[in-house]
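Here, each number is a calculation from the coordinates, and none is a lab measurement. Just so you know, these numbers come straight off a predicted model, no measurement behind them. Cβ atoms come from the backbone with ideal geometry, glycine included; neighbour counts cover every protein chain shown.
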Amino acid sequence: MSPTLTAILICTFAPLAAFFVTYTVMRNRPKASAFFSLAGGFASLAAALALLKAGPIAEPLRYAWLTSGETNLFFGFLLDGPNLLMGTIVAFIALMIQIYSLGDMAKEEQGRFFPLLSFFAWSMLSFVYSSNLLQTFIFWELVGLASFLLIGFWYRKPSAEAAAKKAFIMTRIGDVGLFIGLILLMQTTGHLDIVHLNSPETIAAIPGGRLTLITLLLFSGIVGKSAQFPLHTWLPDAMEGPTPVSALLHSATMVAAGVFLFARFHPLFLASPTTIDVVLSIATFTAVFSSTMAMVALDMKRVLAYSSISQLSFMLIGLAAGNLFAGVFHLATHAFFKALLFLSAGSFIHHHGTNDMVAIGRNGGRSMRWTTLGLIVGGAALAGLPPLSGFWSKEAIIGALTVGGVPVFIALTYAAAFLTAYYTFRMICLVLFPNPNGQLQPDEPAPASSGDHHHHGDSPWTMLLPIVLLTIASAAAGYFGFFVDQTLDANRELAHHASWGDMAPAIGIALFGAILAWVEYGRKGASQTGFVSRLPMLQQLFKNGWYVDEFYQRTFAKVVEGISVVSAKIEDKGIDASTDEVGKATIAFGYSSASTQSGYLQFYVATAIVLIAVLCYVAGMGS
Amino acid sequence: MSIHLHFFLLLSLLIFTIGIYGVLIRRNLIGILIGVELMLNAASLNFLAFNRYVVTDPAVGQIIVLFIIGLAAAEAAILLSIILRVYRSHRNIDADSLTEMRGR
């Protein structure tokens with residue numbers, strides 16, 4: 001076996017092995033289970049780093065999996081630039097979150113939690129490294145399954161169970177489109193090999209209308225997975241899961257899978273201008289739309305969830321604007337700072353026993369020094385302030401869009417960038433500068449018991465270590481842009497080097513948002529009411545998520561309910577009733593024939609003799 | 001003068017008919033058992049007669065008859081023990097009163 005093959009096998013199968021071992025024999029031994037999961041995580045990160053160091057390989061390592069007539073399906077591993085980068089990030093974030101879970105999930109059912117984390121890591125890594133769209137699709141669904149299981153980890157809580165089901169069903173709506181697109185692609189081109197599908201000859205051979213249809217269908221899967229409008233509603237609800245799960249879900253796995261698929265088929269998407277327009281309109285709208293909801297939410301995890309939606313939109317904007325580097329770079333930096341933000345939020349929540357930012361702030365949130373540092377660095381990166389990583393990647397996206405972009409899209413993107421900075425600093429200010437006299441009341445006060453006895457000090461080191469490492473990564477990742485660019489495409493010239501003048505609008509807008517948030521929430525004696533509250537109607541609209549959920553409940557849910565009522569009737573009155581009739585007839589026949597069984601021994605004997613006589617007679621006639 | 005095959009067959013038929021009659025008419029289980037034994041003996045007689053007059057090799061029919069005798073002995077033993085159990089539980093070996101297995 002070549003070293004590359006060994007490395008990729010270790011990278012993908014170490015978490016799977018950890019999953020099997022821990023899930024089968026260590027259900028009731030949390031320590032051993034955590035140890036094996038972490039070992040699997042370490043092994044896959046080491047292998048991913050080794051592969052990244054060895055550099056991209058254009059040809060996939062592939063093996064025939066299915067041959068039917070002229071069609072060959074090859075499964076295997078593709079080790080080109082985007083895959084190597086993404087795989088390393090996934091392995092790194094997964095390991096960080098496993099370490100963090102040692103502390104955060106200490107009192108939970110670890111024997112079930114760690115195997116599922118390993119399963120999640122395996123699905124995502126296999127998804128990233130796969131060389132065939134069908135293989136991609138299989139692991140795409142497994143990622144969905146893993147999220148379902150983890151969001152519903154606290155399955156005894158009805159809201160968690162409902163959120164898990166919602167996540168599964170909402171993403172499934174998009175996946176149906178993706179699967180149809182996959183079949184059409186198979187039918188049009190005759191194969192599903194990723195490298196081959198992205199080659200200019202293949203793309204040129206697909207008729208224009210067909211190409212638009214296929215890419216739109218593929219995009220519908222991405223809309224579901226990456227929680228873009230109108231299939232975004234599952235993501236905020238997915239906050240019902242444990243915080244480490246949210247961190248994993250939002251940074252490097254699940255939602256990132258959608259954007260990654262787009263990056264994977266970048267040339268294919270770019271070939272259809274109609275699709276690109278659709279992508280840009282949905283992404284820019286979603287970016288602003290989700291930011292508006294983030295600026296009124298008080299639940300810390302919910303703010304972060306909405307911010308994920310808008311950052312995913314940013315990535316799609318960058319990719320759709322034609323810049324692969326910008327999208328993938330933002331995907332990478334976002335993975336770091338979003339994981340950091342979630343872990344910091346989780347540390348606060350773990351310590352103070354509430355999700356509410358106002359309550360955390362009043363309960364002395366900022367006394368947790370390391371966690372607060374993580375929150376500030378992660379928040380500033382999310383807001384896009386220099387010199388942190390988020391600034392560089394977001395700037396690349398805005399730069400890509402402003403070169404010949406449609407003014408509406410540019411305006412919306414700037415608005416989203418402004419709102420992102422605003423709600424991020426609103427969150428930071430609420431935690432750091434509590435104002436007990438302010439008008440803002442917590443939705444969910446901290447439980448009284450968690451007040452005094454562990455008021456001081458920070459979370460355990462298992463939780464702080466990942467936070468510190470991710471803080472460093474979030475701060476530094478911005479300077480590795482050239483490395484990302486080189487890995488993505490070694491032959492290309494380096495992406496545009498923006499001058500400070502070009503960057504000025506992006507910086508200005510982010511700063512303006514941050515300062516506005518400070519004026520409204522941070523400074524001494526601030527009223528802690530946002531500018532939206534001047535328009536109560538608008539605030540209600542944002543607070544209730546633009547009533548999208550209500551709309552779905554009143555329309556689609558009603559239609560589905562109607563269909564299920566009718567089908568239940570058909571099942572009950574038709575299928576079920578007819579099988580009942582067959583059973584009843586059998587019983588009736590049995591009762592009626594039972595009366596021939598008189599119980600008189602000699603009656604039976606006589607019958608037997610008569611029948612034998614008849615048989616002998618008939619047989620005798622024949623011969 | 002020799003005795004013709006038909007006499008043996010007629011005798012066998014007579015015994016067999018008596019056996020069937022006994023099985024069908026007797027109400028006592030032991031009477032039914034005797035009927036069954038008669039039927040078996042009629043069959044044995046048939047075999048011997050055919051063996052004597054028709055088949056050239058004389059051994060086959062006799063071997064079969066030996067088997068039938070063994071079978072009849074075993075059958076009688078089993079049936080008698082069953083009848084004994086029936087008597088112990090029901091105090092009665094009247095076939096017409098043992099109708100617990102009827103359909104309804």
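For this structure, a couple of remarks:
- Under the simplified labelling scheme, the A:VAL519-B:ALA76 pair shows an inter-label distance of 12.2 nm, with each label point 7 Å from Cα along Cα→Cβ.
- Separation in nanometres of the label points that stand 7 Å from Cα toward Cβ, at B:ARG85 and A:ILE183: 6.4 nm
- Cα long-axis angle, helix B:29-53 against chain B (0 to 90 degrees, to the nearest 10): 10 degrees
- Peptide A:591-603 - average C-beta neighbours from other chains (10 Å radius): 5
- Förster radius 30 Å - calculated FRET efficiency between A:THR274 and A:LEU541, Cβ distance, rounded to 0.05: 0.45
- Label-point separation, A:THR579 to A:ALA613 (7 Å along Cα→Cβ), nm: 4.8 nm
- The amide H of A:TRP65, built 1.01 Å from its N in the peptide plane, has A:LEU73, A:PHE74, A:PHE75 as neighbours under 5 Å, considering only residues 5 or more places off or on other chains.
- Whether chain B is rounded, prolate or oblate, judged on the alpha carbon gyration tensor where a/c under 1.5 counts as rounded: prolate
- Within straight-line reach of A:LYS584, meaning a Cα separation under 22 Å, sit the following lysines at least 8 residues removed in sequence or on another chain: A:LYS569, A:LYS573.
- Distance from the C-alpha centroid of region B:47-98 to that of region A:529-558: 94 Å, rounded to the whole angstrom.
- Given A:LYS225/A:LYS301; A:LYS31/A:LYS53; A:LYS165/A:LYS301; A:LYS165/A:LYS543; A:LYS225/A:LYS543; A:LYS107/A:LYS225, the pairs whose alpha carbons are separated by over 29 Å: A:LYS31/A:LYS53; A:LYS107/A:LYS225
- Once divided by 2.2 N^0.38 Å, the Cα radius of gyration of region A:556-622 becomes 2.31.
- In terms of surrounding Cβ atoms within a 10 Å radius of their Cβ, A:CYS616, A:CYS11 rank from fewest to most as A:CYS616, A:CYS11.
- Of the peptides A:268-275, A:181-188, the ranking by mean beta-carbon count within 10 Å, highest at the top, reads A:268-275, A:181-188.
- Relative contact order for region A:23-120: 40 percent, from Cα pairs under 8 Å spaced at least 6 residues apart, divided by residue count.
- ³J(HN,Hα), Karplus 6.51/-1.76/1.60, whole Hz, each residue of region A:196-207, x for Gly, Pro: 5, 5, 8, 6, x, 5, 4, 5, 5, 7, 7, x
- For B:ARG27, B:ARG88, A:ARG112, order by how many other beta-carbon atoms lie within 10 Å, fewest first: B:ARG88, B:ARG27, A:ARG112
- Put simply, the Cα atoms of the protein assembly as shown extend 143, 65, 49 Å along their principal axes, the longest span coming first.
- Exposure proxy ranking for A:HIS351, A:HIS196, B:HIS4, based on other Cβ atoms within 10 angstrom of each Cβ and starting from the fewest, stands as B:HIS4, A:HIS196, A:HIS351.
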